[in-house]
Structures are given as structure tokens and as C-alpha cells.
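**Q** First the structure, which I've put down as C-alpha cells, then a few questions once you've had a look.
Coordinate-derived values only; no laboratory data. Just so you know, these numbers come straight off a predicted model, no measurement behind them. Using ideal geometry, Cβ is built from the backbone for each residue, glycine included, and neighbour counts are taken over all protein chains shown.
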Amino acid sequence: MTTAPSQQVSCSLSAAQLKEQRAALIPGLLERADRVTDLVDGLRLDFAQRAGLLPELARLIEAEQRCCSFLRFQLLVEPSAGGVSFEITGPEGTREMLRAL
């Protein structure tokens with residue numbers, strides 16, 4: 001069994017690019033979440049179901065994969081218009097990096 005090489009926890013965007021794109025990336029999503037919970041290796045964001053949320057999350061995943069390829073995303077949509085949980089995780093240091101955004 002081989003182990004995957006450890007990935008560096010860093011965003012490839014400059015501070016200016018992150019500031020310009022903030023609303024469309026994780027920092028903007030953190031501000032819109034109903035609840036943010038710390039996980040060992042990242043964060044869980046909880047949202048009430050609303051029109052447009054799922055496409056918004058899909059766009060965010062696509063954008064974040066370009067600048068933060070170390071991140072892992074998991075989406076849970078509860079039945080009957082229940083809530084949406086969105087987990088963003090990664091290697092050691094991911095939670096701290098996300099909280100610092």
C-alpha cells in the first residue's frame with residue numbers, strides 16, 4: 001500500500017485576488033451559512049434549503065478546486081426540503097486555514 005504525498009494547505013490566490021473574489025468563494029459562503037461547526041479536519045456549514053443554493057455550492061466547488069486543490073467537499077441534502085450540510089475538509093491545518101480566511 002502506498003500513501004498519498006501530503007498536500008500543502010495553501011491557496012494559490014493572491015491576497016488581492018481573494019479580496020476581489022471573496023463573495024463567490026469560501027469566505028463569502030461562511031458569512032451566509034446558518035451555522036458553522038469545526039471538524040477535526042475542516043468545517044461543516046449548515047444551510048436552510050433555498051432556491052439556488054445547490055447550484056451556488058457546485059460553482060463554489062468548481063472555483064475552489066482551481067485555487068485550493070487540497071480541499072475535499074461533501075454535500076448532504078436532507079429529504080423533504082430539510083437542511084443542507086456542506087463539509088469542507090482536507091489535510092492537517094485545513095480548519096485553521098479556513099477559519100483565517
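**Q** Would you please state the base-10 log of I(q)/I(0) at q = 0.10, 0.11, 0.16, 0.22 1/Å for the chain, with intensities from the Debye formula using one equal scatterer on every alpha carbon?
**A** For the requested q values the scattering log ratios are -0.28, -0.33, -0.69, -1.24.
**Q** Lys and Arg at +1, Asp and Glu at -1: add these up for the other residues within a Cβ distance under 12 Å of P91 and post the number.
**A** Value of the local net charge: -1.
**Q** Considering Cα pairs under 8 angstrom that are at least six residues apart, work out the relative contact order of segment 36-100 and quote it in whole percent.
**A** 45 percent
**Q** Let me ask you something else. Treating the angle as unsigned and between 0 and 90°, give the value, to the nearest 10°, between the Cα long axis of helix 53-67 and the longest Cα principal axis of the chain.
**A** Taking Cα atoms only, the helix is inclined about 10 degrees.
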